[in-house]
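J.: Below you will find the structure I want to go over with you.
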Amino acid sequence: MTIQELDKKYVLPTYARADVEFVSGKNARLEDSDGKRYIDFTSGIGVVSVGHANERVNSVITKQISNITHTSNLYHIAPQAKAAQKIVEASGYDMQCFFGNSGAEANEGAIKIARKWGERDGEVKKYKIITLQHSFHGRTITTVKATGQESMHNYFGPFPDGFVYADNIEHIESLLDDHTCAVMIELVQGEGGVQPQDKQAVQNLEKLLKTKDVLFIVDEVQTGGYRTGEFLACGVYDISPDIITLAKGIGGGVPVGVVMTSLKNVLSAGDHGSTFGGNFLSTAAVCEVMDILKEHKNSGDLDKTIKYFNVELEKFFSSHRNLFTQKVGIGLMCGLRVKDADTLSAVIKNAKDNGVMVLKAGRNTLRFLPPLTITKEEIDEGFKSLNSAVSAL
Ligand SMILES: *Cc1c(COP(=O)(O)O)cnc(C)c1O
């Protein structure tokens with residue numbers, strides 16, 4: 001049987017997969033099973049932040065697994081402690097980390113911290129969490145409910161209680177009550193359509209939540225790990241939330257999720273845990289990815305890459321104003337609003353046929369999440385292919 005036949009027979013049909021099977025990659029380049037070559041403007045949805053088959057990460061992982069891969073969290077794990085130090089130091093906050101395996105799990109951790117913090121003896125129990133419309137926080141029952149998209153709540157109920165959706169940041173204040181323990185937002189909505197929040201509005205929200213004694217959770221699963229040009233989008237927005245979640249880009253392709261918080265004494269031993277979370281394999285990868293990205297940032301190369309990519313994206317946008325209505329995003333988390341959903345599907349399909357991979361976000365946004373290490377040549381080649389892909393539309 002072919003891979004596609006095996007997939008159809010043995011894998012649950014939860015994905016509408018494109019008709020392509022990649023077999024190898026190098027930085028922002030991919031090759032499929034027919035030997036056809038592509039430029040990857042998706043990095044596996046913001047995961048392969050340091051590129052495909054990164055030699056430094058691969059060599060660290062290989063060395064690590066030839067010694068030890070997993071012992072459980074019953075014992076000390078050197079790369080976990082070091083990865084936590086690198087993440088906390090890069091953030092600039094006085095926080096501690098918990099390691100899980102995915103973004104949804106990181107958000108579950110954030111929700112547990114907020115809910116436990118909200119249980120105060122003798123006082124009213126705070127449990128409500130306000131999130132935003134068009135947000136995306138994950139696929140577990142709780143994070144699906146935290147996600148402000150009605151269409152994702154059609155099945156799977158009953159859901160955990162206490163999630164409230166605000167239309168936008170300004171709307172949050174009117175929803176706060178004595179039972180609210182936290183507000184959770186993405187600073188740039190990713191799946192919702194590459195939608196950056198207004199900086200002043202976010203800073204006002206941070207002040208408001210402090211005065212109301214409500215926790216501020218920022219879901220940086222997509223924006224974290226230098227995607228916006230800073231280690232955290234919180235740095236771009238100049239805020240200090242109570243809880244931050246990370247996942248996608250910080251493992252360079254190894255499954256990992258992190259919840260970090262300044263509330264160091266809320267969870268005690270036994271309150272939370274994970275069998276796989278933070279094991280030698282994933283956290284050794286995180287350590288190396290953090291080092292690579294820090295060097296990339298400090299050398300000025302990341303900022304140059306962001307600038308070059310955005311100039312080329314702007315040129316592409318300007319020469320196809322018949323298809324695109326707006327350029328959006330921050331850093332290497334960019335998008336183009338497409339005039340309608342049919343055109344968007346056609347752009348993505350033609351792009352693939354022409355050898356460049358791009359993503360959809362929301363109803364009408366063409367999304368770009370290239371590896372942060374993408375080269376000038378790869379960017380040029382990608383936009384050249386993209387130009388021919390859309391010229392027929
Ligand atoms: C992808 C994503 C998640 C879910 O991450 P998983 O690793 O798929 O569980 C949560 N929040 C945001 C903002 C995301 O982009």
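Since every read-out is calculated from the coordinates, none of them should be taken as a lab result. All figures in this text were calculated on a predicted structure; none of them were measured in a lab. Cβ: placed from backbone, ideal geometry, glycine included. Neighbour counts: every protein chain shown.
J.: Taking only Cα atoms, what is the 0 to 90° angle, nearest 10, from helix 78-91's long axis to the longest principal axis of the chain?
T.: Rounded to the nearest ten degrees, it is 90.
J.: Next up: Find the relative contact order for the chain and round it to a whole percent, using C-alpha pairs within less than 8 Å whose residues are 6+ positions apart.
T.: Normalised by residue count, the contact order of the chain is 24 percent.
J.: Here is a further query. Roughly speaking, what is the stretch gain from Tyr75 to Asp121, that is 0.36 nm per residue apart minus the C-alpha to C-alpha distance, in nm to one decimal?
T.: Net length gain for the segment: 13.3 nm.
J.: Checking the a/c ratio against 1.5 first, then a/b against b/c, what shape does the Cα gyration tensor give for segment 299-393?
T.: prolate
J.: Please give the residues of segment 85-125, grouped as numeric ranges, whose backbone N is less than 19 Å from a label point set 7 Å along the Cα-to-Cβ vector of Asp213.
T.: Residues 113-125 fall inside that zone.
J.: A further question on this structure: Below 8 Å, C-alpha to C-alpha, sequence gap of six or more: please give me the relative contact order for segment 68-298 in percent.
T.: On the way: 436 pairs, mean separation 68.4, N = 231.
Normalised by residue count, the contact order of segment 68-298 is 30 percent.
J.: Per-residue counts of other Cβ atoms within 10 Å, averaged by peptide: what ranking do you get for 161-168, 256-263, highest first?
T.: So the order, starting with the most tightly packed, is 256-263, 161-168.
J.: Could you give the length gained on full extension between Ala392 and Phe22, defined as 0.36 nm per residue of separation minus the Cα-Cα distance, in nm?
T.: Length gained, Ala392 through Phe22: 130.6 nm.
J.: In terms of the Cα gyration tensor, with a ≥ b ≥ c the square roots of its eigenvalues, is segment 68-298 rounded because a/c is under 1.5, prolate because a/b exceeds b/c, or oblate?
T.: prolate
J.: Translational D (Stokes-Einstein, µm²/s) of the chain at 25 °C and 0.890 mPa s when Rh comes from the Kirkwood sum over C-alpha pairs?
T.: Roughly 113 µm²/s, to the nearest whole number.
J.: By the scheme Lys and Arg +1, Asp and Glu -1, what is the net charge of all other residues having a beta-carbon under 14 Å from that of Glu288?
T.: Net charge around Glu288: +2.
J.: From the helices alone, meaning DSSP H stretches of at least four residues, give me the mean residue ellipticity at 222 nm for the chain, per-run term -39500 (n - 2.57), in deg cm²/dmol to the nearest 500.
T.: The per-residue figure over the chain is -11500 deg cm²/dmol.
J.: May I ask for the net charge around Ala233, where only other residues with Cβ less than 12 Å from the Cβ of Ala233 are counted and Lys, Arg are +1 while Asp, Glu are -1?
T.: Combined, the nearby Lys, Arg, Asp and Glu give -3.
J.: Need the full-extension length gain, Met152 to Lys199, defined as separation in residues times 0.36 nm minus the C-alpha distance. One decimal, nm.
T.: Additional length available on full extension: 14.1 nm.
J.: Still on this structure, please answer the following. What percent antiparallel are the DSSP beta bridges of the chain, to the nearest 5?
T.: Numbers: 32 of 50 bridges.
Among the beta bridges of the chain, antiparallel pairing accounts for roughly 65 percent.
J.: Can I ask one more? Count the DSSP beta bridges whose two residues both fall in segment 68-298, then state the antiparallel fraction as a percent rounded to the nearest 5. It would help to have the intermediate numbers written out before the result.
T.: Values: 11 of 27 bridges.
Counting only bridges with both partners in segment 68-298, antiparallel ones make up about 40 percent.
J.: Please report, for the Cα atoms of segment 131-213, the Rg to one decimal and the Dmax as a whole number; what are they, in angstrom?
T.: Considering segment 131-213 through its Cα atoms, Rg and Dmax are 12.9, 37 Å.
J.: Then there is this: Lys and Arg at +1, Asp and Glu at -1: add these up for the other residues within a Cβ distance under 12 Å of Tyr308 and post the number.
T.: Numbers: positive: Lys304, Lys307, Lys315, Lys376; negative: Asp301, Asp303, Glu312, Glu314, Glu377, Glu378, Asp380.
That sum, taken over residues with Cβ under 12 Å, equals -3.
J.: Here is a follow-up. Using alpha carbons only, how many degrees (0 to 90, rounded to 10) separate the axis of helix 199-212 from the longest principal axis of the chain?
T.: Tilt of helix 199-212: around 20 degrees.
J.: Once you sort the root eigenvalues of the Cα gyration tensor of segment 176-303 as a ≥ b ≥ c, which label holds: rounded (a/c under 1.5), prolate (a/b larger than b/c) or oblate (the other case)?
T.: Here segment 176-303 falls in the oblate category.
J.: Let me ask another. Using per-residue counts of other Cβ atoms within 10 Å, averaged over each peptide, order 320-328, 128-136, 357-365 from highest down.
T.: Per-residue Cβ counts within 10 Å, averaged per peptide and sorted highest first, yield 128-136, 357-365, 320-328.
J.: Using the alpha-carbon atoms, what tilt in degrees (0 to 90, nearest 10) does helix 55-67 show relative to the longest principal axis of the chain?
T.: Taking the Cα atoms of the chain, the angle to 55-67 is about 60 degrees.
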